[in-house]
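The values are calculated or read from the model by the stated rules, or taken from the named source; none is laboratory data. It should be emphasised that the depicted structure is a prediction, and the values quoted were computed from it without experimental measurement. Counting neighbours? That spans all protein chains shown, and the Cβs are built from the backbone with ideal geometry, glycine included.
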Amino acid sequence: MSYNDEAAVAGELAVDGTPVDGITLAVVLEGEQIGTATVTDSEFSGMGTVPASVPDGEAELGVRLPFDDQALAATTNTTTVTVRETESKLSIEGESTGNQEITVNGTLSTVSSDGVAGEIVQLRVDGTSVGTVTTGEGGSFGETVSVPDSVTGSDVTVAAVYEGSGSNLASATAETVVVIGETGTQLPTSVWLAGGFLVVIAAGLGFWWYRRSTSEISSGGPADDRQSTLDGTTATEKSSDPSA
């Protein structure tokens, strides 16, 4: 049997050979109640659902009289069963809410999409633990966490980690990348890179224009013509004027 399977029990109950009727028994797995069974004419049968909280491996399945203040003393009768490990999976979404905070939502489930409630999931930002959250109905969870001061940059990796210790579920991890802002508006890394490329291109064009202008001046090209025009005459006029 494995997580969320039905565990069935059946048997007879008598007290000193006297049939018992109308008694409700607790179905237990490794000491944890998972269901009930009703005794009718000394016979009982019942079922319980295997929870995630029972570790995988050998476990004791049985029934227990759940009271000790009546004529029948509390007692337990069990048999050994094997609980198999079940693969699990995590899904996660993250959104920056400003002020160095991220809202995280996700779901813990089995590979067959059965949500797992009551399990602890650890939340991390760029590898640093920022808290834990307990899964609710359907395996869903949600929390707002603060980005640690040690984390730098605008793009951070948010991870949800389920270790599965003490349960019959395998560990699972899910990650997502969230763009956050520091004090003021923090541009994404891609924008900074694009701006850097534009600066490099502008510097290159400026250097090319400077070299071109220097070359024209040294060769008596268009730069000399501009200077002659500023004097009020062209180079041709100066050479033909006798008084020059």
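Given the options SER129, SER96, SER113, name the one that is more than 30 Å from GLU58 (Cα to Cα) and free of Cβ contacts under 8 Å to residues at least 24 places away in the same chain. Working first, answer last.
Working: SER96 fails: free of Cβ contacts under 8 Å to residues at least 24 places away in the same chain; SER113 fails: more than 30 Å from GLU58 (Cα to Cα).
Just a single option satisfies the conditions, and that option is SER129.
Taking only the stretch 3-30 into account, find how many residues are assigned to a strand (DSSP E or B) and touching a strand residue (DSSP E or B) at 6+ places or on another chain (Cβ under 7 Å). Walk me through it before giving the result.
Quick first cut of the stretch 3-30, residues assigned to a strand (DSSP E or B) only: 6-12, 14-15, 18-19, 24-29.
Narrowing further to those that are touching a strand residue (DSSP E or B) at 6+ places or on another chain (Cβ under 7 Å): 6-12, 24-29.
Counting residues in the stretch 3-30 that are assigned to a strand (DSSP E or B) and touching a strand residue (DSSP E or B) at 6+ places or on another chain (Cβ under 7 Å) gives 13.
Do you know which residues across the stretch 52-70 are surrounded by fewer than 19 Cβ atoms within 10 Å (Cβ to Cβ) and within 24 Å of GLU137 (Cα to Cα)?
Those that are surrounded by fewer than 19 Cβ atoms within 10 Å (Cβ to Cβ) and within 24 Å of GLU137 (Cα to Cα): SER53, PRO55, ASP56.
What number of residues in the stretch 98-126 are touching a strand residue (DSSP E or B) at 6+ places or on another chain (Cβ under 9 Å), of a type outside the set (A, V, I, L, M, F, W, C) and over 15 Å from ALA172 (Cα atoms)?
Of the residues in that region, 7 qualify.
Does the stretch 23-61 hold any residues that are polar (S, T, N, Q) and within 19 Å of GLU119 (Cβ to Cβ), and which are they? Explain how you work it out, then say what you get.
Taking the stretch 23-61 as the starting set, the residues that turn out to be polar (S, T, N, Q) are 24, 33, 36, 38, 40, 42, 45, 49, 53.
Across the stretch 23-61, the qualifying residues are GLN33, THR49, SER53.
Would you tally the residues in the stretch 31-52 being assigned to a loop (DSSP other than H, G, I, E, B) and modelled with pLDDT under 95?
The total comes to 3.
Could you figure out which of (1) closer than 29 Å to ASN4 by Cβ; (2) modelled with pLDDT under 95 isn't true of SER96?
Here SER96 meets the rest and fails (1).
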